[in-house]
Amino acid sequence: MNTARAAELVVVQVAPQKGELAHYTSELRTGMQAHLDHVNASGGIRGDTVRLVSLDDAANPAQAIRQIEQAAASLNPVAFLYLIGPETIAATLEANVFGRLGIPLIGTSPAAVQLRTPTRSHVFHLTQGENSEYEKLAQQLRTIGLRKVALVHWDDPATLGEVKFFEQSAARAPAIEVIARAPVAASSGQLDKAFEQAAQARADAIVSMLPVEETAKLLKTLRAKGVFTPVYGASYNESGRLFDHAGEAASRGMTVTQVVPNPFGGSLPAVRDYQAQMKQYAPKDARHGTLSLEGFLAARLLVEALRQTPRPVTATGLRDALEQRGPFDLGGLKASFSKTNHVGLDFLDIGIVTFGGRLRY
């Protein structure tokens, strides 16, 4: 007989709450909070409730590490959720923060392969990484017969690694030729030259490896010039943000790889639950989108793993449950980890941005 008393289980997100990365934090958190509110209102997890604490790291890696360490000491969390930003993720991995503290991290954004290898004992990724996305994108281009591609990309080490991987994927038969590479100095704002190079490339398709705001500028620039070459990108080009920044006419028709199901669909129980819980628990002005769905799925993974964790729940017990007690049913999607694989979902699809920033898969 289990006589353990009900407890409040704390989980913490340390991520930017202002600036260009804040929308990732906000939308992921909205989805996470909606599901946790639902679980708490439905009796919790074997009576335990879950409290999500949000801390602002101001996109500063050193500050993020300090806040993670302070939260571990003062809040005794069972998990951290979703670090945001490549520099912050890289810094915490280099310092082995989560392994040293013995507390699992669930979720990272972005999903660059350099931030996912080697497998870390206390870092669990929910969705597929960018290499898988770019391989899927190359397959899509090959399938529909687009053979000449221009790349517009950040000129930094992480993105150059993705450029190399895409080119390797494109070279497989039947080959896709990368006829132009238009680099942009990261965060420089100097976009005109690269955009002009892409516009003049006479490519069958343009692949954007830029952040979503810069991809939106690329779309607006091309369409204003009368260039209607199809534009492709990875899932961080979230459709709602593209719509916000590029507008209806420019954003509609962009093709984006997807690592979660269509948040506007209804075929999967996970998506139907997401829609219902967002409607009931999220702020009235919260909109549906892939980021909040990803946050929702991360919270559901957390909850399902907590159900499999022996009481009293500890961070160590949760880490072991994540790795050993799966697969976890997230509602028609199964997340599974092992000692050598810390990527839970194998979902990959292709989405087309449609009216109002919605998606068609």
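The values are calculated or read from the model by the stated rules, or taken from the named source; none is laboratory data. Model, not experiment: these values are computed from the prediction. Cβ sites come from the backbone with ideal geometry, for glycine too, and all protein chains shown count toward neighbours. The accessibility values were calculated without ligands, DNA or RNA, using every heavy atom of the protein model including side chains. Shrake-Rupley method; radii C 1.70, N 1.55, O 1.52, S 1.80 Å.
Among the DSSP beta bridges whose two residues both lie in the chain, what percent are antiparallel, rounded to the nearest 5? Walk me through the intermediate numbers first.
On the way: 9 of 43 bridges.
Among the beta bridges of the chain, antiparallel pairing accounts for roughly 20 percent.
Would you mind getting me the FRET efficiency between Lys164 and Ala276? Use the beta-carbon distance for r and R0 = 30 Å, nearest 0.05. Write out the running numbers ahead of the final one.
Details: r = 43 Å, r/R0 = 1.42.
The value I calculate is 0.10.
Obtain the nm distance between the two label points defined at Ala95 and Arg66 by a simple spin-label model: each point lies 7 Å from its Cα along the Cα-to-C-beta direction.
Result: 1.0 nm between the two label points.
Run the quick spin-label model on Glu213 and Phe355: label points 7 Å from Cα toward the beta carbon, then report their separation in nm to one decimal.
Result: 3.0 nm between the two label points.
Quick check: net charge around Ala249, other residues with Cβ under 13 Å of its Cβ, Lys/Arg +1 and Asp/Glu -1?
Values: positive: Lys220, Arg223, Arg252; negative: Glu248.
Its environment carries a net charge of +2.
Note the angle between two axes, namely the Cα long axis of helix 130-144 and the longest principal axis of the Cα atoms of the chain, as a number of degrees from 0 to 90, rounded to the nearest 10.
Helix 130-144 and the main axis of the chain meet at about 40 degrees.
Leaving out ligands, DNA and RNA, and with a 1.4 Å probe, what % of the accessible surface on the range 266-361 is carbon or sulfur? Intermediate results must be reported in sequence, preceding the final value.
Details: 2120 of 4360 Å².
Carbon-and-sulfur percentage of accessible area, whole number: 49.
Separation of the range 325-361 and the range 16-36 by C-alpha centroid, Å?
About 19 Å separates the Cα centre of the range 325-361 from the one of the range 16-36.
Quick check for you: with a 1.4 Å probe and neighbouring chains kept, what is the accessible area per residue of the range 100-213, in Å²? Kindly include the intermediate steps, with their values, before the conclusion.
Working: 4790 Å² over 114 residues.
Value returned for the range 100-213: 42 Å² of accessible area per residue.
Would you please classify the overall shape of the range 1-143 from the alpha carbon gyration tensor, given that a ≥ b ≥ c denote the square roots of the eigenvalues, rounded means a/c under 1.5, and beyond that prolate means a/b larger than b/c while oblate covers the rest? Walk me through the numbers on the way to the answer.
Values: a/c = 1.79, a/b = 1.45, b/c = 1.24.
Because a/c hits 1.5 or more and a/b exceeds b/c, the range 1-143 counts as prolate.
Decide, for the range 1-76, between rounded, prolate and oblate: order the square roots of the alpha carbon gyration tensor eigenvalues as a ≥ b ≥ c, take rounded if a/c falls under 1.5, and otherwise choose prolate if a/b is larger than b/c, else oblate.
Oblate shape, in that a/c is at least 1.5 and b/c is the bigger or equal ratio.
Between Arg5 and Val53, what is the label-point separation in nm under the 7 Å Cα-to-beta-carbon projection?
Modelled inter-label distance: 2.0 nm.
At 222 nm, what value in deg cm²/dmol follows for the chain if DSSP H runs of at least 4 each add -39500 (n - 2.57) and the sum is divided by all its residues, to the nearest 500?
On the way: 13 runs with 152 residues, N = 361.
Helix contribution divided over all residues of the chain: -13000 deg cm²/dmol.
Straight-line reach from Lys284: which lysines have a Cα under 24 Å away, not including same-chain ones fewer than 8 places off?
Lys18
Packing-wise, with mean Cβ within 10 Å as the measure, how do 232-242, 197-207 rank, highest first? Write down the numbers at each step before the final one.
Details: 232-242: 24.5, 197-207: 19.7.
Descending packing order for the listed peptides: 232-242, 197-207.
Cβ under 11 Å from Ala286's Cβ, Ala286 left aside: what net charge do those residues give with Lys, Arg +1 and Asp, Glu -1? Spell out each step's value before the answer.
Numbers: positive: Arg29, Lys279, Lys284, Arg287; negative: Glu27, Asp285.
Net local charge, Ala286 excluded: +2.
When the label point is put 7 Å from the Cα of Phe228 along its Cα-to-beta-carbon vector, which residues of the range 237-253 have a backbone N closer than 13 Å?
Of the residues in the range 237-253, 249-250, 252-253 have backbone N under 13 Å from the label point off Phe228.
Using only Cα atoms, find the angle between the long axis of helix 269-281 and the longest principal axis of the chain, and express it within 0 to 90 degrees, rounded to the nearest 10.
For 269-281 against the chain, the angle is about 70 degrees.
For the range 81-142, which whole percent of the accessible surface, found with a 1.4 angstrom probe, sits on carbon and sulfur atoms?
That fraction is 48 percent.
Quick check: net charge around Asn40, other residues with Cβ under 11 Å of its Cβ, Lys/Arg +1 and Asp/Glu -1?
Details: positive: Arg51; negative: Glu8, Asp37, Asp48.
For residues surrounding Asn40, the net value is -2.
Compute the Cα gyration tensor for the range 226-322, then decide on rounded, prolate or oblate, letting a ≥ b ≥ c be the square roots of its eigenvalues: rounded whenever a/c is under 1.5, prolate when a/b is larger than b/c in the other cases, and oblate in all that remain. Mind dumping the intermediate values first?
Working: a/c = 3.08, a/b = 2.17, b/c = 1.42.
Cα axes put the range 226-322 in the prolate bin.
On full extension of the chain, what length is gained from Arg46 through Leu268, given 0.36 nm per residue of separation minus the C-alpha to C-alpha distance? Display every interim value, and only then the final one.
On the way: separation 222, 0.36 × 222 = 79.92 nm, distance 2.57 nm.
Stretched fully, the Arg46-Leu268 segment lengthens by 77.3 nm.
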